[in-house]
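Just so you know, all these numbers are worked out from the coordinates, no wet-lab data involved. Computed from a prediction, not measured in an experiment: that's the story for all the values here. Cβ: placed from backbone, ideal geometry, glycine included. Neighbour counts: every protein chain shown.
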Amino acid sequence: MPEPDRHLLSPGGGGGLHRDGLKGWPDLWVLPGKPRHARAAAMAPPDCAPDQTLAFSDELLLRILACLPEPHLTAAASLVCKRWMRLSGRLRLRLVVRDWAFVTHRLPYRFPNLAVLDLFPASIAAPAAPFRASPVLTCGAVSLTLDPSADPPLGACRFLADDVLDRGLAVVAARFPNLRRLSATAAAESGGLMDIAGGCATLQELELHRCTDLALRPVSAFAHLQILRIVAASSPLYGTGEDGGVTDIGLTILAHGCKRLVKLELVGCEGSYDGIAAVGRCCAMLEELTIADHKMDGGWLAALAFCGNLKTLRLQGCGRIDDDPGPAEHLGACLTLESLQLHHCQLRDRRALHALFLVCEGARELLVQNCWGLEDDMFALAGLCRRIKFLSLEGCSLLTTRGVESIVTSWNDLQSLEVVGCNKIKDEEITPALSELFSNLKELKWRPDNKSLLAASLSGTGMGKKGRVFFKRILPGHQRVKGKMLNYPAGVAA
């Protein structure tokens, strides 16, 4: 074993430990001839400079922090000190809460001036004993951790108790009088929503999850509500019984209570002609109606004629439109409708699609996005809407060039056309009549085939041609015969 270097560890006369021997421990350096307290003085941190912002008033510092963008405001400025955290919380206007205990204890003090508040993620209870590999169910912007030991793994037990939800809503109603938008979970007999209606007089937008007919009773107390989104309680997700969900009774309750509605979205709601008709008669200011994944009985399309001010009708994720729309002469029409939008819907029922276009025959805009079953003969029914000025087709893989041309050339008022991701529509099938229509349009977005889009984006780059050029370069000693590469000696090669 080699002996240690005596030059580095000299016991006397060398001034202690040598500097070069402890380069890895700079805090332990001891200069020769210095007393022992010099090391502690060298290791002590320098005196902190005084906080210059203490001379600023809260109002001035708030004006400075207000100039920061939102991510920097929440992530950096609030971590400087307790004063900055308190002031930055006063500037925060939007918040998504994921812990219900924070709602009842710290929320009013941390963010006192909130205008937009989302409480739905916080109303979901965490599993009692989560597993290391617990599955996660994601629905939109909400992710739920499932409990494999529970039966069922996702149900009513996954949400907080109604009394806990009501206490949190009571705190929000008492401390946030200027709230404009709220997203929460409805209880069966919610007293918390009544507190919100009384304390938040300026609330204009409300989003309620796990709704039933009984849970919609407090909605009538919101005097200035203009935008309402209702997500009905469904048995697979919320574990409700057969009497759960939103039916004609709930639609009638909200129609008589919310007469100033401008936008209404119904997700997973039941009902029929009577419920939609009540909404159309009572909500005279309704301009936008969205129906998603509905479970309505047949005949509800005819009730849209009672919406006398409706401008936008949007259907999302509907597996069916109307099982029994009834005779065409009894359907009526939405005379003020401007836009018809179909997103992720099943359009295989010819009779239902015919009834939908009859009701919306006065529409100026038609948007079809990622819908199934829209073939040429089904799209031909869109010819009933003769006032179309804007047409958008996206993800309609069954439509052909001939089917689109037969309809768009019949619309004399067409000004804008968008065709994206329709793989059966080919550029080489464009006729002179369709080309002339393209030249007269004010706006055209033509990307029907992904292959043609890729070829257009690679034009001029040389990509996709190097293989062809490579095989043309035959090296000496090689010869291609009927697609095969033969190797000859250098003297025999041609």
- prompt: Around Trp411, with a cut-off of 11 angstrom between Cβ atoms, what is the net charge of the other residues, counting Lys and Arg +1 and Asp and Glu -1?
  reply: +3
task: Give Lys295/Lys442; Lys389/Lys426; Lys389/Lys424; Lys295/Lys445; Lys263/Lys424 a once-over and call out the pairs whose C-alpha atoms are over 31 Å from each other.
output: Lys295/Lys442; Lys295/Lys445; Lys263/Lys424
- line: Cβ-Cβ cut-off under 12 Å around Arg281, Lys and Arg +1, Asp and Glu -1: the net charge is 0
- prompt: Based on the alpha-carbon gyration tensor of segment 266-386 and its eigenvalue square roots a ≥ b ≥ c, which shape applies: rounded if a/c is under 1.5, prolate if not and a/b is larger than b/c, or oblate?
  reply: rounded
message: I need two numbers for segment 157-234: Rg to one decimal and Dmax as a whole number, Cα atoms only, in Å.
response: 11.4, 34
field: Label-point separation in nm, Gln52 to Arg320, each point 7 Å along Cα→Cβ
entry: 7.2 nm
message: Using the Karplus curve 6.51 cos²θ - 1.76 cosθ + 1.60 with θ = phi - 60°, what ³J(HN,Hα) values do you get for each residue of segment 54-63, in whole Hz, with x for Gly and Pro?
response: 5, 6, 7, 6, 5, 5, 5, 5, 5, 5
query: How large is ³J(HN,Hα), in whole Hz, for each residue of segment 96-108 in order, when computed from phi with the Karplus curve 6.51 cos²θ - 1.76 cosθ + 1.60 and θ = phi - 60°, using x for Gly and Pro?
result: 10, 9, 10, 10, 5, 5, 5, 5, 7, 10, 10, 4, x
query: Given R₀ = 41 Å, FRET efficiency for Ala201-His344 by Cβ-Cβ distance, to 0.05?
result: 0.65
- request: State the extension gain, in nm to one decimal, for the chain segment bounded by Ala433 and Arg402, taking 0.36 nm per residue of separation less the distance between their alpha-carbons.
  value: 10.0 nm
field: From phi via Karplus (6.51, -1.76, 1.60), per-residue ³J(HN,Hα) for segment 391-404 in Hz, x at Gly/Pro
entry: 10, 10, 10, 9, x, 8, 6, 9, 6, 10, 4, 5, x, 5
For Leu301, net neighbour charge (Lys/Arg +1, Asp/Glu -1) across residues whose Cβ lies under 13 Å away: -4
field: Theoretical gain in end-to-end length, Asn440 to Lys82 [0.36 nm per residue, Cα-Cα removed]
entry: 122.6 nm
